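Take a look at the structure set out below.
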Amino acid sequence: MLSENLQSAFNNQINAEIYSSYLYYSIANFYEEKGLHGFASWFKAQAKEELDHADKFSTYLHDQNAKVILKDIPKPKAEFADFKEPLTLQLAHEKKVTSAIFNLYSAAKEEKDYFTESFIKIFIDEQFEEEKTAQDLLTRYEIFCLNSKDIYEFSEKLGERK
Ligand code: MG
């Protein structure tokens, strides 16, 4: 049985994952409206992954006979100064998510809730990948996207993601 503290932290995490999805969906729409379909489809895929994360936390709550409590989702940023800004924002956002996941892990460890500790480990690995991918995207943008043609070609490349 999950403690009250962990139930509440899990429900906060569900909200954070749905917010991530909302933010990446907003970024996808920004790129779509600027004609960068590849960037748009990359971020749409990210948005779907985040909903999947939220669902994994919900399933875990249900498996522990706890209740999922959905909350308001803050409005995401929709306007960006340039094509690089969303990439910088994504990296900063993923770092925030990582620290929330670390807090969940510490709480489970402190409570000696080993089921939950083990469950959260999957998300620690996930965050390692998310930060790595976001950093890589930003680095490649900074190095290779020197003009509109480079940005367009990079976008097309990203659009090949399945
Ligand atoms: Mg996530």
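The values are calculated or read from the model by the stated rules, or taken from the named source; none is laboratory data. For clarity, every value in this text was computed on a predicted model and none was experimentally measured. Heads up, the Cβs are rebuilt from the backbone with ideal geometry, glycines too, and the neighbour counts pull from every protein chain shown. What goes into the accessible areas is simple: the full protein's heavy atoms, side chains included, and nothing from ligands, DNA or RNA. Shrake-Rupley method; radii C 1.70, N 1.55, O 1.52, S 1.80 Å.
Side notes on the structure shown:
- Listed by first and then second residue, the pairs linking a residue in the range 4-21 that is more than 22 Å from A92 (Cα to Cα) to a residue that is assigned to a helix (DSSP H, G or I) and open to solvent by 10 Å² or more (accessible area, probe 1.4 Å), with Cβ atoms under 8 Å apart and 6 or more places separating them unless they lie on different chains, are N5/A107; L6/A107.
- Scanning the range 91-121 for residues that are farther than 18 Å from L61 by Cα, open to solvent by less than 40 Å² (accessible area, probe 1.4 Å) and charged (D, E, K, R) yields one hit, E94.
- Lone qualifier among E156, E126 - being in a helix (DSSP H, G or I), in contact with a Gly (Cβ under 6 Å, 6 or more places away or on another chain) and at pLDDT 95 or above: E156
- Yes/no for I27 being among the β-branched types (V, I, T) and either near the ligand (Cβ under 10 Å from one of its atoms) or on the phi > 0 side of the Ramachandran plot (or both): no
- So L146, is it aliphatic (A, V, I, L, M) and either touching a Pro at 6+ places or on another chain (Cβ under 6 Å) or in a helix (DSSP H, G or I) (or both): no
- Unmet requirement for S21, which otherwise passes all of (1) within 21 Å of A134 (Cα to Cα); (2) away from the ligand (no atom under 12 Å from the Cβ): (2)
- Residue count for the range 45-70 under the criterion of being in contact (Cβ under 8 Å) with a residue 12 or more places away in the chain and more than 15 Å from the ligand (Cβ to nearest atom): the result is 8.
- Filter pass, E131 being in contact (Cβ under 8 Å) with a residue 40 or more places away in the chain, more than 16 Å from the ligand (Cβ to nearest atom) and not β-branched (V, I, T): no
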